[in-house]
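Taken together, the values in this text are just the output of simple stated rules run on the coordinates, not laboratory data. Quick caveat, the model's predicted, so the values are computed rather than measured. Neighbour counts run over all protein chains shown; Cβ positions are idealised from the backbone, glycine included.
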Amino acid sequence: MNRNWIIGILIVVAAITSLIFIIVGNLNMAVLFMTAIFAITNGYRAVSFKEKGFEREAKWMKGMSILFIVLFFVVLGMILI
């Protein structure tokens, strides 16, 4: 499968899951999946910027992706505790 399809499917699944949790009223889980969406999209942007030759932008997006990965685990820890 193409990398774009895999990333796209991951984003759609996380977005639908987040929307379902918003409708159900479990906002903690919704925020968890929203941070997952941000981490995935910023990681993909970092890779695509690097492929296009935009090194500074790729570095910035990589940093943003790492930030959202850390925030994902922070929110997960808050949910589990």
| √(5λ) per eigenvalue of the Cα gyration tensor, the chain, largest first, Å | 26, 16, 8
| field | Segment residue 73-residue 59, length gained on full extension (0.36 nm per residue, minus Cα span) | value | 2.9 nm
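Charges only on Cβ, +1 for Lys and Arg, -1 for Asp and Glu: so what's the dipole of the chain about the Cα centre, in debye to the nearest 20?
Numbers: 7 positive and 3 negative charges, 48 e Å.
It comes to approximately 240 debye.
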| field | Most positive-pole-ward Cα, 46, 11, 69, against dipole of the chain from beta carbon charges | value | 46
| Mean separation of Cα contacts under 8 Å (6+ apart) over length of the chain, as relative contact order % | 28
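Quick check: residue separation of residue 3 and residue 52 times 0.36 nm, minus the Cα distance between them. What number comes out in nm? Could the numbers behind the result be given before it?
Numbers: separation 49, 0.36 × 49 = 17.64 nm, distance 1.58 nm.
Taking 0.36 nm per residue and subtracting the Cα distance, the gain is 16.1 nm.
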| query | Mind checking Rg over Rh on segment 1-46, alpha carbons, Kirkwood formula for Rh? | reply | 1.05
